[in-house]
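Trainee: Mind looking over this structure? Questions follow.
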Amino acid sequence: MKKSFVAAAVGAALLAGPLTASADSYIVLGGKGANLDKAVRGAGGAITNRFAGLDAVVAESDRANFKARLSSSAGVQYVLPNIRIDWYRGVQRANESVTAEDFGNPPNSGDDDTRFDLQWGHDAVDAPEAWNAGYRGAGATVAVLDGGFNPQHPDIAPNFRPECSADMTGEGFEYGPNDDDPTGIFSHGMHVAGTIAAADNAFGTIGVAPEANLCLVKVLFNYGSGTFEDVVEGIVYATDMGVDVINMSLGGAIFKNGDADEGYTAREAAGFKNFVDRGVRYAYQNGVLVIASAGNEGIDGDKDGALIHLPSDTSHAVSISATAPVGWGKDPSVFLDNPASYTNYGRSVISLAAPGGDFLYAFVDPAEQCTVAGLTRPCYVFDYVFSTGGVVGNDVYYYWSVGTSMAAPHAAGVAALAISANGKMRPAQLRALLERTSDDLGQPGNDKFYGAGRVNGANAVE
């Protein structure tokens, strides 16, 4: 096992070196009761990681015929290349950030957190109404499976639980500058965590469930790539830590018919889905609801079967599409629940909808300026989702981003509100409550863009 735990000083870099998936590393899936130890050993390999509850292991070998021999072993269903892929596909961020020093008390705010007025998504899901009813996520624990984190950020620190958090990648728990973000400002994992449970501390932003516990689990490298091994290990780890909800604002979009350039076949694509499905099913069977972003390819999952989007396409994941206003910075009375231009959709693939933001207003007038909560920026930026960013030196950051990655944490936050009102629930009960209390938008019933509806925090706590 290569995981590192975060149970000591917050902010200290973890010292494990990065593990690079290589051609001789394989994910091995067996049938129930398969003796994978014997099969791997007999084929000339060694096991490097185990998933006891999933009938799966990771094995390595330098033998040229290892994969073929292992594939023909009794009880072995799949032998998959342990590849690394991009899990942040299609997420966009504005080249705009804000530091704590930029903050002042905004006008007309209903909350004393200094940038609450920028968070239109909270209004869309009626989070303030749930708070006013006395429910703020207390008693719920949400695991965020993502890239690196900066838990010393003042909006994250109050709800961060180091005893539950871990790094699966070996890169180190902390988010920092990388090839995708040389500044160290634009932390995807921090943005997601802040949307769920940024503290109500009269500072910065506030989460949908500002009193929920945050279990932060790093399963991707800071620039967004990662292995199926690390992602599934994170699901199992968070489940075993007893969390209530797992948020997965990430998506492994793989081609159903395989991709020679990425190094997998059609059969192996099915195997990757099987592996992730085992992980999500393990969570579900052990009392944890997995909420996942639906993907940003803009495809109709009812008609286009070319892509498999993981984990949202697994049988027990709650798949979240994205909604957004257009021109909210100019007119705060605009409709907040338009289907986002990029979101994946389809009755067979979408469970629920939540605010994810959009960039459409940039095509109206990219130079037009608007002022919201004391900040003047291009108007289109305010249609993005505003949340916490990285920590660089003594500066703490916030920024705007767009994607179903931003929608999933709004839904996870509403799930935490529901738990604070109703107590711990089985995943099926919690999912049914979220669906029953959602706002039924679009066509009545199961809509191709909204699923059962856009999540509603006020309804979820009644």
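Trainee: Residues in the stretch 372-385: is at least one touching a His at 6+ places or on another chain (Cβ under 9 Å), within 16 Å of residue 247 (Cα to Cα) and touching a residue at least 24 places away in the same chain (Cβ under 8 Å)?
Mentor: Within the stretch 372-385, none of the residues are touching a His at 6+ places or on another chain (Cβ under 9 Å), within 16 Å of residue 247 (Cα to Cα) and touching a residue at least 24 places away in the same chain (Cβ under 8 Å).
Trainee: Within the stretch 408-462, take every residue that is outside any loop (DSSP other than H, G, I, E, B) and of a type in the set (S, T, N, Q) and give me the one that is farthest from residue 131 (Cα to Cα).
Mentor: Across the stretch 408-462, the extreme among qualifying residues is 429.
Trainee: Checking residue 134 against (1) surrounded by 15 or more Cβ atoms within 10 Å (Cβ to Cβ); (2) on the phi > 0 side of the Ramachandran plot; (3) modelled with pLDDT of 95 or more, which single condition isn't satisfied?
Mentor: Residue 134 satisfies every listed condition except (1).
Trainee: For the stretch 217-251, which residues satisfy the criterion of being touching a helix residue (DSSP H, G or I) at 6+ places or on another chain (Cβ under 7 Å) and either among the acidic types (Asp, Glu) or modelled with pLDDT under 95 (or both)?
Mentor: 244
Trainee: Can you name the number of the only condition in (1) part of a loop (DSSP other than H, G, I, E, B); (2) within 23 Å of residue 413 (Cα to Cα) that residue 366 fails?
Mentor: Failed condition: (2).
Trainee: Can you confirm whether residue 148 is small (Gly, Ala, Ser), within 13 Å of residue 389 (Cα to Cα) and within 15 Å of the chain's Cα centre (by Cα)?
Mentor: yes
Trainee: Please work out if residue 337 is in contact with a Lys or Arg (Cβ under 6 Å, 6 or more places away or on another chain), within 30 Å of residue 425 (Cα to Cα) and acidic (Asp, Glu).
Mentor: In short, yes.
Trainee: A further question follows. Is it the case that the stretch 251-266 has a residue that's acidic (Asp, Glu) and either crowded, with 22+ Cβ neighbours inside 10 Å or closer than 27 Å to residue 386 by Cβ (or both)?
Mentor: No, the stretch 251-266 has no match at all.
Trainee: Next up: Here's a check for you: in the stretch 382-405, which residue that is within 16 Å of the chain's Cα centre (by Cα) and outside any strand (DSSP E or B) is nearest to residue 344 (Cα to Cα)?
Mentor: Ranking the qualifying residues of the stretch 382-405, first place goes to 404.
Trainee: Any chance the stretch 359-371 includes a residue that's modelled with pLDDT under 95, touching a helix residue (DSSP H, G or I) at 6+ places or on another chain (Cβ under 7 Å) and under 18 Å from residue 205 (Cα atoms)?
Mentor: No, the conditions are met nowhere in the stretch 359-371.
The values are calculated or read from the model by the stated rules, or taken from the named source; none is laboratory data. Computed from a prediction, not measured in an experiment: that's the story for all the values here. All Cβ positions, glycine included, derive from the backbone under ideal geometry; neighbour counts span all protein chains shown.
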